[in-house]
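Worksheet: one structure, shown below.
What follows is calculated from the coordinates using simple rules that are stated; it is not laboratory data. Given the structure is predicted, the values throughout are model-derived calculations rather than measurements. Reconstructed Cβ throughout: ideal geometry from the backbone, glycine too, with neighbour counts over all protein chains shown.
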Amino acid sequence: MSTGNRAVKELASQSYQYGWVTPIESDTAPRGLNEDTIRWISAKKNEPEFLLEWRLKAYRHFMTLLQKEQLPEWANVHYPSIDFQDIIYYSAPKTKEKLNSLEEVDPELLKTYEKLGIPLGEQKRLAGVAVDAIFDSVSIATTFKEELAKYGVIFGSFSEAVQNHPELVEKYLGSVVPYTDNFYAALNAAVFSDGSFCYVPKGVRCPFELTTYFRINAQSTGQFERTLIVADEGSYVSYLEGCSAPMRDENQLHAAVVELVTLDNAEIKYSTIQNWYPGDEEGKGGIYNFVTKRGKCAGANSKISWTQVETGAAITWKYPSVILQGDNSVGEFYSVALTKGYQQADTGSKMTHMGKNTRSTIIAKTISAGHGNGTYRGLVKVMPKATNSWNFTQCDSLLLSNSCGAHTTPYVEVRNNSSHLEHEAFTSRVSEEQLFYCNQRGISLEEAHRLIINGFCKEVFKQLPFEFAVEATRLLEANLEGTVG
Amino acid sequence: MNVSTGMTHRTTVQEGKYLAAFDSFQRNGAVGDPEWIHQLREAAIARFNVLGFPVARRGNEEWKYTDIRPIAATNFQPATGSAQLTLPPPDVDRLTFGNPGWSRIVFVDGVYSQELSALTSLPAGVSVVSLAQALVTHGDMIKQHMARYAPYESEAFTALNTAFAHDGALVQIADGAIAEEPVHLLFLTTGRQQDTVTYPRVLILTGKDSKATVIESYGSLDEGRYFTNAVTEVRMGSGSVLNYYKVQRQSQQAFHVSNTNVSNASGASFNSVNLDLGGGLVRNNLNVLMGEEGCSCVLNGLYLLNGTQHVDNQVIIDHTSSYTTASELYKGILDGKSHSVFHGSIIVRKGIQKVNANQVDKNLLLSDQAEADTKPAFWIYSDDVKCGHGAACGQMDENALFYLKSRGMDDKLARRVLTRAFATQVIDSIGNGAFRAAVGQIVENKLEEWLEAGESR
Amino acid sequence: MLEVIDLHASIGDVPILKGVNLRVNAGEVHAIMGPNGSGKSTLAYVLAGHPSYKATSGRALFEGQNLLAMLPENRARAGLFLSFQHPVEVPGVRFDEFMRAGFNALRKSRGVPEMGVLDFNKHLASKLGIVGMDATFTRRYVNEGFSGGEKKRGEILQMAILDPKLAILDETDSGLDVDALREVAQGINKLRRADNAILLVTHYQRILSYVTPDVVHVLIGGRIVKSGGKEMALEIETEGYDKYEDMAKALRAGA
């Protein structure tokens, strides 16, 4: 048997570490989707009229798409059709109407987050990191709120922002991802329950890393959160999201929307470590992760940088993108996507160059193991007025089994001749020569794979804040355990 | 025909005209052809009737950047041959790339012209005959191959060509034959009848361990509007080498759709260079099936576009066998408001090992109104592969330009030198020296013409 | 230290080694010389356990252990080091990180506690001088973008870190200019001790002018056709392998 075959075994039943359920009573919407569901959610959240109207418009648009069967079909993923009437669109842990402090949060919930490694209590909370914890459809706690307020930074749940800063919500909601954008964006706009909201005022460099942790707990529910981050002129914020879900036989839908806006000279760094339940070794269960993430560099010299480490979910369908509208603006996308078992991931980025001297970089690393199928899908579009724009794209794939797949479908559309675009891609498996070289230095096959895979991902990991890079490395290794070695 | 969808484009699509033309063709034309080909044509037109022209603008990935409604909406009539045409020597010289001595088979508006052909001194072991004649004399042999490599079931233009397949070229290279000199298949459209359509059909069969060079060129006499819907099928013999050069230099108003389907054989090498030097709306599908162990292919291309020209190259290399190697380099030079599309797919099937594949598309944009869309894709279902791809789009390198000027060249010359240099890599991959020189000269003249025109703009 | 007895080996189905006998003792430097395709590199790879090279019969004992039954990493851990003719690129993996992984794997297998990052980096830094490298070198990705000389010096640096009992140096002089060759050779000499041994695999005698062998073997057609002293290398340099090719033919005819 060759070294490769010796090393790359079929994926054993790799256990998912976050698969438990929190025993808690929930307040849930009736199953199914109709105008009443929308009104029910909106009333529950005591929303202003403009928001209800917006939701209803989105709902009607979604129903039209559904009737015309205009579901997204272009992605290289396969799954049975979803019955949108068989989903619970809202579920929240039963708590007091209004929480005044962390002490009032159900201890079960606090325990849940502690178990996930995200302690929320005053004593234990992570230094330098403000956390918004979202459980099923609602935000249950946000840490460091007061400290952030001193800097004028607004950070907390979306629902709260709707109550306290409706003018900001109305101004920016849907300004980057309109409800007409795509099928799942329409669904999200209609039924979104909560999410995070962040506004960084002019000239402020946010002193904390902001983090939102999403946890799906209830059965048969979909999670539809909506995140909006606005960085006003000259400001900076680094934001990170993490997520997990219990192990269940059914597929659960997660259709989130994230909108980022940077004004002149502002910068947002957005990192994701995605670890939804991927399904069991036979491909049963797992989260459908259909997410629309887009940033708009509205101002000149602004920058949006996406970094994602995608290891979970049965199916991932997401393309964190940047609209480079302001002159000299910069868009970046760094991604590691791992598929194993029967996971499918169709992910990549869209960079739309509109302003002058805009620059974008795409570094996408796809790792496929077991029966996993990973697709990189990207679009670099240069509009006629984007003179001297620049893009570099690199999308590499690493194959770890002979029954996995790795696909790359990059699109390049250039309508400006002063632009410079380069695209590189390479697909291969871990070479026998590399493994033997490592072995000859006393390094075991498993360790050699670990080294080589981490090396493959290094360019992406180094974009993450330090503690999250460590977490990402650990997560990747845990996911690959039993796949190689 | 599906008219109930109510989609607006349906109202202008002329598919019905082709059905009517087909009836008349089956009844009146080609009556002497063998029965099997009548049946094949019936099956193909039935398929075309189902497929229709791929005009949908939504979910139509294969035609994402090329809108062929202008073809679908024009009422093209089958060309009636101008077989009696004679050509003055300068035209012959131009159309034969300055090598009138090469053996050639010539078709005028789709019909074989014995007068213009020169088939008396073919290289040893090489046979070139008109397909219409061969259908009568070698019908059974052709039946073994025709429509076997070009899938009319799934591709509308192939279906349409197959429905009207009658004349074209049959090229056979005998086992072990080594032909140094190229044979030239010349499809000439006079452009003297407005809105005509022709269906050239080529079948190339290479024998075991043979080596040959085939030039398939599409030329034009007048600047007319016409539609060429060509299908070429190539079946490689084991260990054979085929250098296949396709040159399209039709009128700036011409519609040109070609489907070239190659079935590669063990140890064989298929080397192609596709040159688009003319045409208005052009789409070339090149499909190479790497179906036997140890086969290889080198697929290169060059497109020179200006005005409102639109050229779309779709290249699919399907590795269904192990130990196969493919390399692909397409380059485009775009001026004016032209639009280029490159869509490459490299597929490596499940369980296929030791595949090496490389794919590159590069575009030089000379004008700020030109558009280049490129999509070099991989579909890999196996692990023991090495695949790379690249794409680049941009304008002339300012540093290089400055360097040349610092050596005394004026702006115009420096630009011409660099533009020409951009094309060199593809031109140099042409194995035959005389043909390489001729193509180099055509490219050079064209670039000079553009640069002159650009100055007067 | 190393005993090779009637070793036969093939690549795929093609037999390359056809009965090699060799004995290397501690403190000795042996040179294996031979023309291209003689099986020199095959011998090096088979001893190190490359999966594409199969020992079909015969034995190889390393310190009394059956080398051929061991995984390549266990051979390395037992103290066998191979300097590659073409060192392999490992993109994204830093030299220091790579070496620490190997170094600690060796220590662990010997029941010695693993060394922490800081201590290891000090240890690594102390060895840089052996091949005249500076610290920036260790932060680069393994062999990626290295010049020919850097690659070979990197191999000798690795040898210095792992401190093997037996080092097999496969064509270490190939692709080196005279300055780099001298530096590499000096590095090897610094690592030469009474308790270790070196097997130099080489086509030319060039490197042997700097690293003096105790024994020279000529390998042709998969067999050692002659063994002798260091003067044999010089003789080959002037006269070539013709004489030995004839010997090999005679051997084949005899067999």
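Tabulated results
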item	result
Using θ = phi - 60° and Karplus 6.51 cos²θ - 1.76 cosθ + 1.60, couplings along the stretch A:388-399 (whole Hz; Gly, Pro as x)	6, 7, 9, 9, 10, 10, 9, 10, 10, 10, 10, 9
Euclidean distance between Cα centres, the stretch B:101-154 to the stretch A:191-255, Å	66 Å
Normalised convex hull volume, chain A, alpha-carbon set, Å³ per residue	138 Å³
Sites excluded, GluC sites (Glu not before Pro) in DSSP loops with at most 15 other C-beta within 10 Å, longest stretch of chain B	B:294-457
Net charge, A:VAL412 excluded, C-beta distance under 15 Å - Lys, Arg +1, Asp, Glu -1	+1
Highest-first arrangement of C:157-165, A:66-74, C:61-69, where packing means the average Cβ count within 10 Å	C:157-165, C:61-69, A:66-74
Taking chain B and dividing mean pair separation by its residue count, relative contact order in percent (alpha carbons under 8 Å, at least six apart)	9 percent
For the stretch B:108-123, Karplus couplings with θ = phi - 60° (6.51, -1.76, 1.60), whole Hz, Gly/Pro x	10, 6, x, 10, 4, 10, 5, 4, 8, 7, 9, 10, 7, 10, 5, x
As computed over the stretch B:301-457, the Cα convex hull volume per residue (Å³)	123 Å³
Relative contact order (%) - criterion: Cα under 8 Å, at least six apart; region: chain A	12 percent
On Cα atoms only, tilt of C:117-127 relative to the major axis of chain C in degrees	50 degrees
The stretch B:397-457, relative contact order in percent, only Cα pairs under 8 angstrom and at least six apart counted	30 percent
Selection of trypsin sites (Lys or Arg not before Pro), the stretch A:104-181, meeting DSSP coil and at most 14 other Cβ within 10 Å	A:LYS124
Karplus-derived HN-Hα couplings along the stretch B:134-150 (A = 6.51, B = -1.76, C = 1.60, θ = phi - 60°), whole Hz, x at Gly and Pro	5, 4, 6, 8, 10, x, 5, 5, 4, 4, 4, 10, 5, 6, 8, 9, 9
Peptide A:395-403 - average C-beta neighbours from other chains (10 Å radius)	4
Pair A:GLU282, B:SER127: separation of 7 Å Cα→Cβ label points (nm)	5.9 nm
Global geometry of the stretch B:352-409, whether rounded, prolate or oblate, following the gyration tensor of its Cα atoms and the 1.5 cut on a/c	oblate
Peptides B:420-427, A:223-230, B:242-249 ordered by average Cβ neighbours within 10 Å, highest first	A:223-230, B:242-249, B:420-427
Rounded if a/c under 1.5, otherwise prolate or oblate - the protein assembly as shown, Cα gyration tensor axes	oblate
Chain C: angle of helix C:178-191 to the longest principal axis, Cα-based, in degrees nearest 10	80 degrees
FRET efficiency for A:LEU52 and A:GLN85, using Cβ-Cβ distance with R0 set to 25 Å, rounded to 0.05	0.70
Average beta carbon contacts from partner chains per residue of C:97-105, 10 Å cutoff	5
Inter-chain Cβ neighbour average for residues A:443-454, partner chain, 10 Å	5
Residues whose placed amide H lies under 5 Å from that of B:VAL315, excluding near-sequence neighbours	B:LEU286, B:HIS343, B:GLY344, B:SER345
Under-5 Å amide H pairs with A:ASP346, H placed in peptide plane, nonlocal only	A:THR316, A:TRP317, A:LYS318, A:THR375
Whole-Å distance, taken between Cα centres, linking the stretch A:345-419 and the stretch B:394-430	29 Å
Ranked packing of B:165-172, A:334-341, most packed first, by mean Cβ within 10 Å	A:334-341, B:165-172
Cα gyration tensor shape of chain B, rounded if a/c is under 1.5, else prolate or oblate by comparing a/b with b/c	rounded
Amide hydrogen neighbours beyond the local backbone of A:TYR411, cut-off 5 Å, H modeled	A:GLY378, A:LEU379, A:VAL380
